[in-house]
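The values are calculated or read from the model by the stated rules, or taken from the named source; none is laboratory data. These numbers were taken from a predicted model, which means no experiment stands behind them. With ideal geometry, Cβ positions are generated from the backbone for all residues, glycine too; neighbour counts draw on all protein chains shown.
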2 protein chains.
Amino acid sequence: MTIELNERGRAILEAIVDDYIASGEPVGSRAVTRRHNMNISPATVRNVMADLEEMGFLASPHTSAGRVPTEQGYRYYVDSLLQIRDLTRQEKQTIEKHYLGRKGTVEALLQETGKALSSLSSYAGIVMVPKFTSTVFRHIEFVRLSGGRALVIFVSQSGLVQNKLIELDEDLSQRELEQMTNYLNETLSGMNIQEAREKIAAEMKREKALYDKLMKKALELSGQALEEDIEGKVFIEGASSFLELPEFAEVGQMKKLFQAFEQKSRLVELLDKSQEAGGVQIFIGSANSYNQIEGCSLITSSYQNVHGTIGTLGVIGPNRMSYSKVIPIVDYTAKLVSRLLESGLDKEK
Amino acid sequence: MTIELNERGRAILEAIVDDYIASGEPVGSRAVTRRHNMNISPATVRNVMADLEEMGFLASPHTSAGRVPTEQGYRYYVDSLLQIRDLTRQEKQTIEKHYLGRKGTVEALLQETGKALSSLSSYAGIVMVPKFTSTVFRHIEFVRLSGGRALVIFVSQSGLVQNKLIELDEDLSQRELEQMTNYLNETLSGMNIQEAREKIAAEMKREKALYDKLMKKALELSGQALEEDIEGKVFIEGASSFLELPEFAEVGQMKKLFQAFEQKSRLVELLDKSQEAGGVQIFIGSANSYNQIEGCSLITSSYQNVHGTIGTLGVIGPNRMSYSKVIPIVDYTAKLVSRLLESGLDKEK
DNA sequence: GTTAGCACTCGGGCAGGTTGAGTGCTAACA
DNA sequence: TGTTAGCACTCAACCTGCCCGAGTGCTAAC
């Protein structure tokens, strides 16, 4: 399926994409010859460019402008032309500096990660806090509020805390809730949420009338609490960097973009998809099947702990993004976050 | 200090502000006469407008444009001219609809409130989740993680959950942590955080060597956990509505604005200040001493439960904001949120 | 296959003219 | 004395025609 290009075609495509990423302006034939001082004339370059356009890698905004890469052009560039260098020791340290002396919640750490990604890439950083379903059970707690309501608090293995309000149909005392808490913690410890759900279902079936009424209640409530998924949260940081990009000068498009950022649900979908795949993923333009953010590309990687992938992070920028710079940043940051979330775990088992 | 205006001056100022709020374009003398079909000629209006300009209520962008209200003009308008109508039953229902069938966390409820404020006002909604210091203690819990770390989880009376990672300098078992949990819950129940801090300090002093080593440890850890404040969170929803306003068409200013939204810390300050005052507050333009968001006004109100004020919410819009529409919305929403957070509490004591 | 030359295209910038909304001033009027 | 009509003036917004330069595609020569 991939169309093969000869050496010269590749060189010219690369030069154009590089130039366009750097300048944001259509690249002409003269510019190509001069920049990579190739030993060919502009006329020759023009011929090649015409070919590349026909193949769908380039487009011209109008007759007398230069060429601009198409999404397919970026795709080819990323897949076949780009060589990614490793980060220098110093760059790594710049990233790590964001986490020095860090305290507080896991959520805050992930939000800070978003900020770090943004400031390093100078595009928008995005971090998805894992959906609860994909985490591993560590602790459950019931706290009785008034008005027949209670709070269920889950803690995941990685230290993530999520809570949910539930209605108690009969009034249970805090003491009773504590007993339930203990029972559930013993029963569910170390399972992932899916397993926990199944366990609860099985227990409820098996024990039927046998068990203590309270235990039954406990199973019922925890089942109810785990039933609906707690939606994955997404942090988007540094979205304002888009305001500098000339290609988003049009207010209408900018508005669409920001609304997409506010809505988030579609983004969660996309990130979920990328999470399954693992490794650094690159979604270019409309290929992200998310046409609300036309003209945007997304570089993601997932972070994980010993139990497997737990979330996804990345950078959203324009199609014209400095891939060679951003890819290693995303890659390294994902690994770093994995390490940080793990550090409390690897001594564990 | 307030300059007095005669009846005609007031009428004309009001007409100009109304018109400008509606249209966003400088208002001329003819428009004033026609709109409120006053029985005076444009020439007369011009004389009055010149006076109003001299007094600092109006300004003209350039010679042949109409007049535009200054911040002082808005101030006068809001303080002396504006009459606020109550919301209709239907409008109230529109607001309430956002909360129907609502489940989940208190935080989610507050975030939804931000969205409601935004969609109702068509500006940006802002909700400050209370700083932990200003809440009332309900429950504390230690969850042991690995690597000598533990999670402290606080629950406030209103059902707000916050957590914090702490380092354990000696390895405590989960059982020991549970005992600590029980002890602290008994000791601190019903206090606000400030009182809790004092109580801890007092206990630690009084009991010195007497108490169980574990209890001591409990006091020490909880003191440490309560020491630094958990920063107030702020939700800003619907910021993209600013992209439609012609007065923010300039990219530079828009960028400043969004960066201010991203940073939040200065906003927290401002909201804190307004929280102390109570009631509906209106900050106009640079009077908000927050010059990063020049041209923006802020309408806030605080929400409370039986224990007092617990947070602040409001709307951020341009100076040219429909005050008569937004003020009652903010007012009613604050009261509604108070009621919702209370509903679990009033049956309590 | 490569290159030079050339006619052609098209956006951007500049200058000038027109329009219309709105002002300030002056003089007349009640 | 306050109000009004009239008028000259100002100024942004808009349109128009113009030129310029960057860049193209094509053709013919190397």
Qualifying residue in segment B:171-193 (condition: touching a Gly at 6+ places or on another chain (Cβ under 8 Å), farther than 25 Å from B:LYS264 by Cα and surrounded by fewer than 16 Cβ atoms within 10 Å (Cβ to Cβ)): yes
Considering each residue of segment A:14-35, count those that are touching a strand residue (DSSP E or B) at 6+ places or on another chain (Cβ under 6 Å) and not β-branched (Val, Ile, Thr), and give that number. 3
Would segment B:32-39 turn up any residue that is modelled with pLDDT of 90 or more, buried (at least 19 other Cβ atoms within 10 Å of the Cβ) and more than 17 Å from B:ASN6 (Cβ to Cβ)? yes
Of B:LEU87, B:LEU109, the only residue that is more than 16 Å from DNA strand D (Cβ to nearest atom), part of a loop (DSSP other than H, G, I, E, B) and in contact with a Phe, Trp or Tyr (Cβ under 8 Å, 6 or more places away or on another chain) is B:LEU87
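Conditions (1) under 17 Å from the mean Cα position of the chain (by Cα); (2) within 15 Å of A:ALA124 (Cα to Cα), marked per residue:
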residue	(1), (2)
A:GLN304	yes, no
A:ILE316	yes, yes
A:ARG320	no, yes
A:LYS325	no, yes
A:PRO328	yes, no
Residues (within 10 Å of DNA strand D (Cβ to nearest atom), touching a Pro at 6+ places or on another chain (Cβ under 8 Å) and free of Cβ contacts under 8 Å to residues at least 24 places away in the same chain) located in segment B:24-53: B:THR33
The conditions are (1) of a type outside the set (A, V, I, L, M); (2) within 15 Å of DNA strand C (Cβ to nearest atom); (3) closer than 22 Å to A:GLU247 by Cα, and A:PHE57 fails exactly one of them. Which is it? (2)
Within segment A:40-50, take every residue that is within 10 Å of DNA strand C (Cβ to nearest atom) and part of a helix (DSSP H, G or I) and give me the one that is nearest to A:GLU7 (Cα to Cα). A:VAL48
Which condition does B:ALA150 not pass, out of (1) within 28 Å of B:SER265 (Cα to Cα); (2) within 27 Å of the chain's Cα centre (by Cα), if it passes all the others? (2)
Kindly list the number of the only condition in (1) closer than 29 Å to A:ILE293 by Cα; (2) more than 13 Å from chain B (Cβ to nearest Cβ); (3) away from DNA strand C (no atom under 16 Å from the Cβ) that fails for A:GLN93. (1)
Scan segment B:21-28 and tell me whether some residue there is surrounded by 14 or more Cβ atoms within 10 Å (Cβ to Cβ), hydrophobic (A, V, I, L, M, F, W, C) and more than 17 Å from B:TYR74 (Cβ to Cβ). no
Mind checking whether some residue in segment A:54-62 is surrounded by fewer than 16 Cβ atoms within 10 Å (Cβ to Cβ), within 11 Å of DNA strand D (Cβ to nearest atom), assigned to a helix (DSSP H, G or I) and of a type in the set (D, E, K, R)? yes
Which one of these is in contact with a strand residue (DSSP E or B) (Cβ under 8 Å, 6 or more places away or on another chain) and free of Cβ contacts under 8 Å to residues at least 24 places away in the same chain: A:THR70, A:THR63? A:THR70
Restricting attention to segment B:75-118, which residues are crowded, with 22+ Cβ neighbours inside 10 Å and over 17 Å from the mean Cα position of the chain (by Cα)? B:TYR76, B:TYR77
Which of (1) surrounded by 15 or more Cβ atoms within 10 Å (Cβ to Cβ); (2) touching a strand residue (DSSP E or B) at 6+ places or on another chain (Cβ under 8 Å) is the odd one out, the single condition B:PHE258 does not satisfy? (2)
Go through A:GLU141, A:GLU178, A:GLU198 for me and flag whichever is free of Cβ contacts under 8 Å to residues at least 40 places away in the same chain, facing chain B (nearest Cβ under 9 Å) and among the acidic types (Asp, Glu). A:GLU178
Quick check on segment B:99-107. Is at least one of its residues under 26 Å from B:SER121 (Cβ atoms) and near DNA strand C (Cβ under 10 Å from one of its atoms)? no
Which one of the conditions (1) at the interface with another protein chain (Cβ under 10 Å from one of its Cβ atoms); (2) modelled with pLDDT of 85 or more; (3) buried (at least 22 other Cβ atoms within 10 Å of the Cβ) does A:SER121 fail to meet, given that it meets all the rest? (1)
Every residue from segment B:231-284 that is away from every other protein chain (no Cβ under 14 Å), over 20 Å from A:GLY238 (Cβ atoms) and either touching an Asp or Glu at 6+ places or on another chain (Cβ under 7 Å) or charged (D, E, K, R) (or both): B:GLU269, B:ASP272, B:LYS273, B:GLU276, B:VAL280, B:ILE284
The conditions are (1) out of contact with any helix residue (DSSP H, G or I) (no Cβ under 7 Å at 6 or more places or on another chain); (2) crowded, with 23+ Cβ neighbours inside 10 Å; (3) not in a strand (DSSP E or B), and A:GLY147 fails exactly one of them. Which is it? (2)
Quick check: anything in segment A:64-84 over 29 Å from A:ILE293 (Cα atoms), more than 15 Å from DNA strand D (Cβ to nearest atom) and in a loop (DSSP other than H, G, I, E, B)? no
Among (1) facing chain B (nearest Cβ under 8 Å); (2) closer than 25 Å to B:LEU177 by Cβ; (3) at pLDDT 80 or above, which single condition is A:ASN185 missing? (1)
